[in-house]
Every structure is written in structure tokens, then in C-alpha cells.
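See structure below.
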Ligand SMILES: [Fe+2]
Ligand SMILES: [Fe+2]
């Protein structure tokens with residue numbers, strides 16, 4: 001982002017980059033969690049759940065990529081060390097169930113992670129509305145996908 005692009009960001013850049021870095025860490029934790037649960041899930045109807053988990057994992061990795069791109073444009077860098085991802089995140093890592101056939105637990109974990117993501121992105125959207133159009137546009141786009149993710153898994157739970 002050039003000088004003028006940064007100058008029109010009408011809020012604290014430092015604060016904004018901090019929020020984006022936390023969201024970036026959240027996305028990696030979600031990516032790993034969903035990808036991992038897709039590998040281990042077993043039991044009845046596990047193939048459908050695996051497919052949904054892999055679709056979400058792919059979206060979360062895309063979100064991490066988009067946020068990294070924005071952090072860099074804003075003149076900062078995302079964490080270099082994966083060891084820093086959990087402590088940099090908004091919420092602790094949700095441990096997958098030990099019982100790999102516990103599909104209801106997997107669904108609840110995803111629903112919880114998505115609810116957290118929705119909260120995080122709504123907060124950033126509110127903060128940036130009318131102040132940083134580029135960030136606002138990205139976070140509302142991500143937010144709409146998180147809303148979709150939550151819905152997919154909430155519907156699975158109701159079956
Ligand atoms: Fe995400
Ligand atoms: Fe998501």
C-alpha cells in the first residue's frame with residue numbers, strides 16, 4: 001500500500017494490524033483443526049463430514065492468505081514462527097475429540113470456532129466501517145463465508 005493509501009486509513013494502523021494479526025492466527029488454527037479432523041473422522045457418515053471439513057479448511061487457508069496479503073500491504077509482517085500462532089490468536093486451540101467417531105462433537109467444535117470467527121470479523125468490520133474501506137471490504141467478505149460455514153454445521157447438528 002502506498003503513502004496515500006495508508007494516509008486515508010482513518011484509524012490507528014498499529015491497532016488495525018494487531019487485530020489482523022490475531023485473525024490471521026485464528027485462521028491457521030481453524031485450518032489445522034478442520035484439516036486434522038477431516039483426516040481422523042471415522043464411523044457412520046464420516047465421508048460427508050470429511051468433505052465439509054476439507055471445504056472449510058480450504059476456505060480458512062484462503063482467509064489466512066488474504067489477511068497476510070493485507071498485513072503486508074499495511075507495512076507489517078504476519079508471525080514467522082508457527083509456535084506463535086496459538087498465543088497470537090483470539091481464542092485457544094479447540095482440541096479435536098479423542099473418539100474419532102464422535103461426529104456430533106466435531107460439529108459442535110466447528111460451530112464454536114465459526115461463532116468465534118463471526119464475532120472477530122464483525123468487530124473489525126464495525127471498527128473499519130467508513131475508516132478503512134480496503135480492510136472493511138475484505139473482512140465483510142470473509143465474514144459472509146464464516147456465516148455460511150456456521151450454517152452448514154448447524155444444519156448438520158439438527159439432523
Ligand atoms: Fe476463516
Ligand atoms: Fe470458517
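None of the figures in this text is laboratory data; all of them are computed from the coordinates on show. From a predicted model like this one, the values you see are computed outputs, not experimental measurements. Cβ coordinates were reconstructed from backbone atoms using ideal geometry, including for glycine residues, and neighbour counts include every protein chain displayed.
Tabulated data
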item: Segments 122-129, 22-29 sorted - mean Cβ within 10 Å per residue, highest first; result: 22-29, 122-129
item: When region 1-89 is reduced to its Cα atoms, the Kirkwood hydrodynamic radius in Å; result: 14.5 Å
item: Separation in nanometres of the label points that stand 7 Å from Cα toward Cβ, at residue 148 and residue 95; result: 3.3 nm
item: Rough spin-label spacing in nm, given labels placed 7 Å along Cα→Cβ, for residue 65 and residue 137; result: 1.9 nm
item: Helix 13-40 axis, angle to the chain major axis (alpha carbon atoms, nearest 10°); result: 20 degrees
item: Binned Cα-Cα distance frequencies in the chain - 5 Å width, integer %; result: 2, 9, 19, 21, 17, 13, 9, 5, 3, 1, 0, 0
item: Protection-proxy order for peptides 81-94, 105-118, 49-62, each taking the mean of Cβ atoms within 10 Å per residue, highest first; result: 105-118, 49-62, 81-94
item: Residues of region 49-76 with amide N under 13 Å of a point placed 7 Å along Cα→Cβ from residue 102; result: none
item: 0 to 90° range, to nearest 10: angle between helix 46-73 axis and the chain longest Cα axis; result: 10 degrees
item: Potential lengthening between residue 1 and residue 123 on full extension [0.36 nm per residue; Cα-Cα distance subtracted]; result: 41.6 nm
item: Cα-based helix-to-principal-axis angle, 133-158 vs the chain, degrees rounded to 10; result: 10 degrees
item: For region 63-135, alpha-carbon Rg over 2.2 N^0.38 Å; result: 1.38
item: For region 6-50 and region 54-99, distance of Cα centres in Å; result: 5 Å
